[in-house]
Each structure stands twice: as structure tokens, then as C-alpha cells.
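Single-structure report; data block below.
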Amino acid sequence: MKSPLLSLPGAVPAEGVDEGVAAHYGDLFREQRALADGTGFVDLSHRGVVTVSGEDRLGWLHLLLTQHVSELPAGQATEALILSANGHIEHALYLVDDGETVWAHVEPGTQEALVAYLESMKFFYRVEVADRTADVAVVHLPAGSITEAPEGAVVRETPYGRDLFLPRADLEAYAAQAGPPAGLLAYEALRVEQHRPRLGFETDHRTIPHELGWIGSAVHLQKGCYRGQETVARVQNLGKPPRRLVFLHLDGSEVHLPVPGTEIRLADDGADGRKVGFVTTSVRHHELGPVALALVKRNVPVDARLVAGDTAAAQETVVEP
């Protein structure tokens, strides 16, 4: 869905899965600094919005999600995954319950498959699942923002800021009084700095939660009864994940960032060295310079010098080997 905020001065459309909102509004680093300072907002209206209502909603979701939500207090934000039978990540949900309805925003384009799966699992439970993407938009306010949420808006508050679920028809009016807009590239730069994985970026068809540090934040280890739980428990108790998420400081003298999918090698192995991982997200940060998230093999030494394509990279540990 194309956001009406693309008509704001300086708006440059995002591409790929984030098509429909602004990548930036003409000054990437200014927009990043504004968000870091707790001012402005980010248009996330391209994200899918799914609701679950009905008196059985929390108990029912508890059976399907990796997170413990059966007693989720109203207004408390959480995140959760849906896994395949083999424990691979299929969906990531960013949730809040308003006392009557669970609201979730999800990656653009994934809401239809998510709703279809949830509908298939309703059985005799008293729940109603709805795709609200057409009439509800998500807006992000950064941590420290003093901008007030409109009356009646559903608010999901996290350490990284507040996600607002607004009527899509009110998006332009809200933007006019919410402060300077920041594009998705600024939001992504702060996400990478915070080491937060994103479905479809840090994940592929075989990613398990342990590889990305989602244990705890999105996966509760003291609950069972969800699809893929056996894999989670087995890796947690008996083994280690095959890959691990790392944060990379990239050589700032390079003009171009290594694109997602760029192969990572050990620098000491030279140009013909074997592949040990790949870049998942790369950004230019207003303070740190060019940085990236990447998945590497678990046995890559934490102090190893890496090369992403032709770009030298120093790693910081996100997930312990």
C-alpha cells in the first residue's frame, strides 16, 4: 500500500519489501540524529496489521506462539514467533493487548499467510482473526519522544520507542503535528545498531531462533505446546545453533556498502578463502559509519578478522558461539 506521506517534501520511496513508504526525506543522517534524540516519527504504514479478538484470544495464542502470552497484561508489549514443525522461523509478531483485542504488526506482505494459518487453527476456540492492514497504519515514535499518542490509539511501548496503531485515514493529520518525519533508512540504521533481527533480512528458510538472539525476547523457554518447540528445547539443552548473528564494523574507506547476501570470508584466508557467512543488513550510521548485521558459522572465532566481499570487517559478538 502506498503511503500518503510519500507526498511530503523530499520523500524518496523505499524499494523492495519496504516499498510504499519513504526511505528518507532528503537528509539521512539528520533523520537518524533526530530519532536518536527522541524527536520525529517513522512511517511504518506498509507493515501488516493483524488482530485477534474474543475471550479465548490469549490462551489460544499461547498455544501457537513461542512467547508466554496466556496472562499478558493489557498494554504490555511483547514479541513472538511462529515456527515450522522443524523449528524454522516463519512469522515474527510484535504484539500488544488492549484488554479486548490483541494487536500485532508484522512484516509487509506476510499478513495474509499469517491470517490463513491462524484461521486454520481456530477449531472450537472463541476467537476472531482479522487482517486490518487496509484500515490501520503503524507509526513509530522513538525512545524519549514526548509526542502524545492520539486519543484512542493503541500503543505498543518498548525500550526502543512506541508503535502506534492509527486509523489509516488519520495518518496525514497525525504526521502534520508529530514532528519531522524520518525515513525507513534512519529507522533501520538504529535497528542495526541495537542488534535487532528482522524477519526476511536476518532470516532465511532454515533460521532457528537461537541464531539471532531471539531466545528470551521472543521465545519463552518455560512453555511448550507450540509447533517447533522440540527443536528449540533440543538446541537449548543439548547443542548449539549452527550459525550466530554478529555486528560488523565495515571499512569506512569503501564507497559502496556490501549488499545483503554478500559472502563473508576469513581475512587471513585471502580472496579464495571459504565462505563462513553472509551479510544480512548493511547501513550507514550517523556515528558508527558503515555497519552491518551478518550470520556466520558458529565456529568462526570471535576475534577473527573478516572480509565482506571486498570490504574489511571487524566483528562484535551478538550471539555467543
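Scan the range 79-92 for residues that are outside any loop (DSSP other than H, G, I, E, B), open to solvent by 10 Å² or more (accessible area, probe 1.4 Å) and among the aliphatic types (A, V, I, L, M) and jot them down.
Once the filter is applied, which keeps residues that are outside any loop (DSSP other than H, G, I, E, B), open to solvent by 10 Å² or more (accessible area, probe 1.4 Å) and among the aliphatic types (A, V, I, L, M), the range 79-92 yields only I89.
Taking D251 and the conditions (1) out of contact with any Gly (no Cβ under 8 Å at 6 or more places or on another chain); (2) under 20 Å from H210 (Cα atoms), which numbered condition does it fall short on, given that it satisfies the others?
(2)
Using the structure shown, decide if P241 is open to solvent by 60 Å² or more (accessible area, probe 1.4 Å) and closer than 17 Å to V296 by Cβ.
No; evaluated as a whole, the condition is false for this residue.
Only one residue in V291, V246 is buried (at least 16 other Cβ atoms within 10 Å of the Cβ), out of contact with any Gly (no Cβ under 9 Å at 6 or more places or on another chain) and among the β-branched types (V, I, T). Which one?
V291
Having 2 or more residues that are open to solvent by 30 Å² or more (accessible area, probe 1.4 Å) is the bar; report the strands (runs of 3 or more DSSP E) wholly within the range 105-210 that clear it.
Strands (runs of 3 or more DSSP E) meeting the threshold: 128-131, 154-158, 161-167.
Go through the range 211-230 and give me each residue that's under 12 Å from the mean Cα position of the chain (by Cα) and buried (at least 23 other Cβ atoms within 10 Å of the Cβ).
L212, W214
Note down all Cβ pairs under 7 Å where the first residue falls in the range 174-194 and is under 30 Å from V246 (Cβ atoms) and of a type in the set (A, V, I, L, M, F, W, C), the second is part of a helix (DSSP H, G or I) and open to solvent by 10 Å² or more (accessible area, probe 1.4 Å), and they're at least six residues apart or on different chains.
Correct list of pairs: A182/A34; L184/D18; L185/L28; A186/L28; L190/A36.
Among G213, G144, G200, which is more than 30 Å from L295 (Cβ to Cβ) and touching a residue at least 40 places away in the same chain (Cβ under 8 Å)?
G144
The values are calculated or read from the model by the stated rules, or taken from the named source; none is laboratory data. Here the structure is a predicted model, which means the values were calculated and not measured. Methodologically, a virtual Cβ is constructed for each residue, glycine included, from the backbone with ideal geometry; neighbour enumeration extends over all protein chains shown. Surface areas here come from the heavy atoms of the whole protein model, side chains and all, with no ligands, DNA or RNA. Shrake-Rupley method; radii C 1.70, N 1.55, O 1.52, S 1.80 Å.
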